[in-house]
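The values are calculated or read from the model by the stated rules, or taken from the named source; none is laboratory data. Because the structure is a prediction, the values reported are computed rather than measured. Cβ placement follows ideal geometry from the backbone for every residue including glycine, while neighbour counts extend to all protein chains displayed. Quick note on the areas: whole protein, heavy atoms, side chains included, nothing else; ligands and nucleic acids left out. Shrake-Rupley method; radii C 1.70, N 1.55, O 1.52, S 1.80 Å.
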Amino acid sequence: MKIIIINGPNLNLLGKREPEVYGNQTFEDYFESLKSKFPQIELHYFQSNIEGDLITKIQEVGFSYDGIVLNAGAYTHTSIGIGDAIKAITTPVVEVHISNTFSRESFRHQSYISPNSKGIIIGFGLKSYDLGLQSFL
């Protein structure tokens, strides 16, 4: 099974950014623990702060991978293009968020990702990725 985790803007700052919301662990360190926990998955990771790069990666893997775990960050609430890219591919996508977006600003309650996703996991910290991976097993 081949799955990619795709992270959007500012998620490269995990471990430094708002630790009270996002914790103290870098995503790279957490990713290593996921690879150990899920040895049966060929696990890949991609992060970009650039919307077009995220769309390109979704299109690149969207017909050959078994799953995408996507945290589009703030683009979740603004990017029709990412939503359209997910709609265009055959690989199922699970939308994840570290924080509970519904307990935050009202503009974060809208998602252009959700309507085309297999499911949504929000508010469980980094464990949201773990749950997203489990949904493919």
Result of the Cβ filter at 7 Å on the range 51-71, keeping first residues that are within 14 Å of Pro92 (Cα to Cα) and partners that are surrounded by 20 or more Cβ atoms within 10 Å (Cβ to Cβ) and acidic (Asp, Glu), at least 6 apart or interchain, is Leu70/Glu95
Out of the residues in the range 36-53 that are assigned to a strand (DSSP E or B) and hydrophobic (A, V, I, L, M, F, W, C), which is least open to solvent (accessible area, probe 1.4 Å)? Leu43
Ser128: out of contact with any strand residue (DSSP E or B) (no Cβ under 8 Å at 6 or more places or on another chain) and part of a helix (DSSP H, G or I), yes or no? no
Whether any residue in the range 54-69 is open to solvent by less than 80 Å² (accessible area, probe 1.4 Å), of a type in the set (D, E, K, R) and within 11 Å of the chain's Cα centre (by Cα) is what I want to check. no
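Which count do you get for residues in the range 1-18 that are open to solvent by less than 80 Å² (accessible area, probe 1.4 Å) and either more than 17 Å from Gly73 (Cα to Cα) or touching an Asp or Glu at 6+ places or on another chain (Cβ under 6 Å) (or both)?
Applying the first criterion (open to solvent by less than 80 Å² (accessible area, probe 1.4 Å)) to the range 1-18 yields 2-15, 17-18.
Now restrict to residues that are either more than 17 Å from Gly73 (Cα to Cα) or touching an Asp or Glu at 6+ places or on another chain (Cβ under 6 Å) (or both): 2-3.
Residues flagged as open to solvent by less than 80 Å² (accessible area, probe 1.4 Å) and either more than 17 Å from Gly73 (Cα to Cα) or touching an Asp or Glu at 6+ places or on another chain (Cβ under 6 Å) (or both) within the range 1-18 amount to 2.
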Among all residue pairs at least 6 apart or on different chains, which show Cβ distances below 7 Å where the first residue, located in the range 10-28, is on the phi > 0 side of the Ramachandran plot and the second is surrounded by 13 or more Cβ atoms within 10 Å (Cβ to Cβ) and among the hydrophobic types (A, V, I, L, M, F, W, C)? Gly23/Leu126
Considering only the range 58-93, state which residues are within 18 Å of His44 (Cα to Cα), in contact with an Asp or Glu (Cβ under 8 Å, 6 or more places away or on another chain) and in a helix (DSSP H, G or I). none
Among the residues that make up the range 19-35, is at least one of them surrounded by 15 or more Cβ atoms within 10 Å (Cβ to Cβ), of a type in the set (A, V, I, L, M) and over 21 Å from Lys2 (Cα atoms)? no
Number of positions in the range 2-35 that are within 19 Å of Tyr112 (Cβ to Cβ), among the polar types (S, T, N, Q) and either modelled with pLDDT of 95 or more or assigned to a helix (DSSP H, G or I) (or both): 1
